[in-house]
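The structure under discussion appears below in the form of structure tokens.
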Protein chains: 2
Amino acid sequence: MEPDPRMYVHGRTVREAERLAYQASGLAHILHHDTRYPAGSQVLEAACGIGAQTVILAKNSPEAEFVAVDISPESLLQAERKAAHEGCANITFRTADVYDLPFGPGSFDHVFVCFLLEHLDDPLLALHRLKTVLRPGGTITVIEGDHGSALFYPDSLDAHRVIRCLIDIQREMGGNSLIGRELWHLLNEAGFSYVQVSPRLVYADAGHPESIEKVKNIFIAMVEGVREEARSRGMVTGPEWEKGIRDLYRTTENGGTFAYTFFKAVGVQGE
Amino acid sequence: MEPDPRMYVHGRTVREAERLAYQASGLAHILHHDTRYPAGSQVLEAACGIGAQTVILAKNSPEAEFVAVDISPESLLQAERKAAHEGCANITFRTADVYDLPFGPGSFDHVFVCFLLEHLDDPLLALHRLKTVLRPGGTITVIEGDHGSALFYPDSLDAHRVIRCLIDIQREMGGNSLIGRELWHLLNEAGFSYVQVSPRLVYADAGHPESIEKVKNIFIAMVEGVREEARSRGMVTGPEWEKGIRDLYRTTENGGTFAYTFFKAVGVQGE
């Protein structure tokens, strides 16, 4: 069975919206500080969701013009409200499917994609479509995580088991949460030039209290989001689930450490 | 049976000496650029081995005085030759066991340790001993890898199996090659103050040819070093070993990527 293209492994709940907003602001500097677009440039953000990254992008490049699209009208509504609330006047929102973009060839100077490819069954096709709407010489920026990069102390097989539930459920829905390490391959395969990949490791220990909150509110909250799905599929027992989540929280306490790596790639359309 | 304290999982062969020298020079900037000691300060490098890091340290702080110790007289001889060859006059070499240091309390202004704790059966005791020879207000700098951080594309269970051989053999010899993530805990537990841990991720793709050579000559060569041991213990079959190593090399070719994270920690002796 084909997964519903509008399905989203993390769900579209209020808690998930809060998690996404926190994720975007908590990681804004490390992920977005080096993305700035010139005045007057036309930028497409594909799959903006609830606008968590969009407002950061738009504020960092206040004189660029953004078109932010998403497949979910409900998410777009939230994104529009968020942009209005933050006073961002340089964003136009529009419903669109990344596989079937309503824009002509070369419509944009730049394309930006964050945490999208991991949810797609054909990320290479998406990159081809995005390349088409990009003008020659324009850039694509892609940011993705990689759940295989999660490294923590104390190490725990139970914690790895609950993370594995998220990875497996996402894969069954057609996605790939281990995609960060593949960005180099995917962008080159899609025909982008001058591809540059830069990994961004986020590390937390008690000496970095703000990073500990990120681990809890972004990563562990994301894993907790598939609890019902994992239980109903019989991937884990209730006690196994509870133990795995407890062990993840244990890494944020009392001598614990946690590391996670995001991958940011930039490529150019044309030779 | 207690492992021989002079055993070294990677062996003391010519090839290993070459690998260590390459490792030190290839990673010099990322690991050592932010370690500089003031003129006149007395610095102990514990477990200098063949002096691969020692000469880098001594050149980066030409007016500091280094005492470099190791348990192996054969390694020290190589280290002395290397230092002479590189024209480093600010290093004194001496045979010593890190658990039983021949120095009085507070003998040193700073202590430096690189790729040592991973080989010890009691890293916490070693840190306590090192703390004793450090004066109040002096610093300890510790650099360790973490083999659990190896992340690569294409991913491969066979490649993970051969890495697991190295991890398991090292653990059976009393060591712990997953120790990088524990540095925060260990330094705090040993009573150091103001502990700061900074991970250093090394990433390789075809856009970074020099990094690809590091993956081959440092990481894969290190895994290959336990081939006989892994085979003789029956941890893998011959074909499994060959396949795992081939898959590791595959990550350095044709769209492949490889990431590995080192952890650098600094702590202060005293409140």
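The values are calculated or read from the model by the stated rules, or taken from the named source; none is laboratory data. It should be emphasised that the depicted structure is a prediction, and the values quoted were computed from it without experimental measurement. Cβ: placed from backbone, ideal geometry, glycine included. Neighbour counts: every protein chain shown. Ligands, DNA and RNA are excluded from the accessible area calculation, which covers all protein heavy atoms including side chains. Shrake-Rupley method; radii C 1.70, N 1.55, O 1.52, S 1.80 Å.
Computed values, structure above
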read-out	value
Pairwise label distance in nanometres, B:R94 with A:M7, each label 7 Å out on the Cα-Cβ vector	6.7 nm
Shape of the range B:1-153, Cα gyration tensor, a/c cut at 1.5	rounded
Surface accessible to a 1.4 Å probe, A:T132 within the full protein complex, Å²	70 Å²
Ranked order, B:H10, A:H33, B:H185 - accessible area, probe 1.4 Å, largest first	A:H33, B:H185, B:H10
Acute angle (nearest 10 degrees) that the helix A:157-172 long axis makes with the longest principal axis of chain A, alpha-carbon atoms	40 degrees
Accessible-area value, A:M7, 1.4 Å probe, nucleic acids and ligands omitted, Å²	110 Å²
Chain A Cβ-axis minimum, rotational copy B, residue and distance in Å	A:L201, 2
Rounded, prolate or oblate (a/c below 1.5 giving rounded, otherwise prolate when a/b exceeds b/c) for the protein assembly as shown by Cα gyration tensor	prolate
Amide H partners (placed H, <5 Å) of A:G138, local residues excluded	A:Q269
Using a 7 Å Cα-to-Cβ projection, A:E213 label spacings across copies, nm, ascending	4.5
Ranking by accessible area, most exposed first, for A:I163, A:I71 with a 1.4 Å probe	A:I71, A:I163
From phi via Karplus (6.51, -1.76, 1.60), per-residue ³J(HN,Hα) for the range A:211-227 in Hz, x at Gly/Pro	6, 4, 5, 5, 4, 5, 7, 9, 6, 5, 4, 5, 5, 4, x, 9, 3
In Å², nearest 10: area of B:D155 left accessible to a 1.4 Å probe	80 Å²
Label point 7 Å beyond Cα of A:E253 along Cβ direction - residues of the range A:145-173 with amide nitrogen under 20 Å	A:151-163
Chain A - Rg (one decimal) and Dmax (whole number), Cα, Å	18.4, 55
Within straight-line cross-link reach of A:K59, lysines at Cα separation under 23 Å, skipping those fewer than 8 residues along the same chain	A:K82, A:K214, A:K264
Under-5 Å amide H pairs with A:E45, H placed in peptide plane, nonlocal only	A:V67, A:A68, A:V69, A:F112
Rounded, prolate or oblate (a/c below 1.5 giving rounded, otherwise prolate when a/b exceeds b/c) for the range A:190-244 by Cα gyration tensor	oblate
Among beta bridges that DSSP assigns inside the range B:41-172, antiparallel share in %, nearest 5	5 percent
Spin-label model distance (nm) - A:R246 vs B:L124, 7 Å beyond Cα toward Cβ	2.2 nm
Largest to smallest accessible area among A:D121, A:D168 [probe 1.4 Å]	A:D121, A:D168
J(HN,Hα) series, the range B:114-131, from Karplus relation 6.51 cos²θ - 1.76 cosθ + 1.60, nearest Hz, glycine and proline x	9, 6, 9, 4, 4, 9, 9, 7, 9, x, 5, 4, 4, 5, 4, 5, 5, 5
Percentage relative contact order, chain A, counting C-alpha pairs under 8 Å, at least six apart	22 percent
J(HN,Hα) series, the range B:77-93, from Karplus relation 6.51 cos²θ - 1.76 cosθ + 1.60, nearest Hz, glycine and proline x	4, 5, 4, 4, 4, 4, 4, 5, 4, 8, x, 8, 9, 9, 10, 10, 9
Those aspartates and glutamates that a straight Cα-Cα span of less than 16 Å connects to A:K243, excepting residues fewer than 8 apart in one chain	A:D155, A:D158, A:E224, A:E228, A:E253
Inter-copy separations for A:Y99, label at 7 Å along Cα-Cβ, nm, ascending	6.2
For the range A:196-255 versus the range B:9-51, the gap between their alpha-carbon centres in whole angstrom	35 Å
Calculated [θ] (222 nm, deg cm²/dmol) that DSSP helices of n ≥ 4 give over chain B, each run adding -39,500 (n - 2.57)	-10500 deg cm²/dmol
